[in-house]
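Taking it in order: structure first as structure tokens, then the write-up.
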Amino acid sequence: MLRRATAVLLAGLVVASLSACGGDEGDSGGAKDEKITLGFSQVGAESGWRTANTTSIQDAAKAAGIDLKFSDAQQKQENQIKAIRSFIQQRVDVIAFSPVVESGWDTVLKEAKDNNIPVILTDRAVDSKDTSLYKTFIGSDFVLEGKKAGEWLVEEYKDSTDQVNIAELQGTTGSAPAIDRKQGFTEVIGADPKFKIIASQTGDFTRAGGKEVMEAFLKAHKDIDVLYAHNDDMGLGALEAIEGAGLTPGKDIKIVTVDAVRDGMKALADGKFNYIVECSPLLGPQLMELVKKVDAGETVPERVVTEETTFTQEQAKAALPERQY
Ligand code: GZL
């Protein structure tokens, strides 16, 4: 905002000086374009995925010549709301953020809109009914990720008629990935009554959370066949609990997770995980392109879905050397 006002004033002064001295046509003596200032509110640093996402955004802003004001909310919505209000006060050109939970954003997003500061959602969505509160949402299709995990499980047990007991480590309560990954997974396995989710609780996307909840699951249930963890980090924490209980992960309890960060891929290659659904954190370059377009007032797609795949144990062994994160 400040950048635009300065540019208009300077441009006016330049035109005035040119006309006064009859400057020649080709003179491009316009004001030097200043950098775009982007205010970004990040969820926190709760997982390997988040760390890779932050690195991607910071590196891409530098490469794009965008001045990045970055705030880490330590997984607290009130910190993100404070950060967005601070970006408004600082009159940044564009605001982007990854909403830690889906609800409770309308008021602060309206404040940004009333101050003519465009907002881009990255990674996670909000449940605001008023889609004019943000310009676009770039991130994965989490329902599809949950479906892919369910489809692997159905295939894995296609020849079995026994009941399959599933423990589920959910992501952060109220977050889009936790809601949608559960929805996609249960939609697919719900078609066959042999699949039973016998335990389901949030581990808040952290290793510590995954370990703590899995320890409780193992105390309460002696018949867990499969663990579905909404991210690698909770699966890695659960690994410790499973091994601590004298069980062999990947065999006594099969494990399917989402993300495909390096430590998760190593566990998969080592046979401790059985399947990973990729969720790419490398949103930085696409985000910066969207920031430039939005700042220039150009039309952008309402939704930008990131491309991602899935990995078996063999595919993880082959892919590990090339992985960026
Ligand atoms: C997904 C992202 C999730 C990751 C977790 O896009 O929001 O949050 O799956 C991270 O690892 O904590």
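The values are calculated or read from the model by the stated rules, or taken from the named source; none is laboratory data. Source: prediction; values computed, not measured. Note that each Cβ is placed from the backbone with ideal geometry, even for glycine, and that neighbours are counted across all protein chains shown.
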The stretch 262-283, residues that are more than 16 Å from the chain's Cα centre (by Cα) and among the small types (Gly, Ala, Ser) | GLY264, ALA267, ALA269, GLY271
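Results for (1) surrounded by 18 or more Cβ atoms within 10 Å (Cβ to Cβ); (2) touching a residue at least 12 places away in the same chain (Cβ under 8 Å), shown as yes or no for each residue.
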| position | (1), (2) |
| --- | --- |
| SER280 | yes, yes |
| PRO285 | no, yes |
| PRO301 | no, yes |
| GLU314 | no, no |
| PRO321 | no, no |
What number of residues in the stretch 246-284 are closer than 21 Å to GLN163 by Cβ, aliphatic (A, V, I, L, M) and part of a loop (DSSP other than H, G, I, E, B)?
-> 1
For the stretch 216-245, which residues satisfy the criterion of being over 11 Å from PHE273 (Cα atoms), of a type in the set (Val, Ile, Thr) and outside any helix (DSSP H, G or I)?
-> ILE224
Condition set over 17 Å from THR37 (Cα atoms) and outside any loop (DSSP other than H, G, I, E, B), scope the stretch 96-121, selection farthest from the chain's Cα centre (by Cα): answer is ASP114
How many residues does the stretch 171-189 hold that are over 13 Å from the mean Cα position of the chain (by Cα) and either outside any helix (DSSP H, G or I) or not assigned by TED's automatic domain parsing to the domain that holds ASP204 (or both)?
-> 2
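With away from the ligand (no atom under 16 Å from the Cβ) and touching a helix residue (DSSP H, G or I) at 6+ places or on another chain (Cβ under 8 Å) as the only criterion, which of LYS293, LYS254, LYS219 stands out?
Only one candidate qualifies: LYS254.
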State which residue pairs qualify: first residue on the phi > 0 side of the Ramachandran plot and inside the stretch 69-96, second residue β-branched (Val, Ile, Thr) in any location, beta carbons under 8 Å apart, and separation of 6 or more residues or different chains.
-> GLN75/VAL43; GLN75/VAL100; GLN75/THR172; ARG91/ILE117
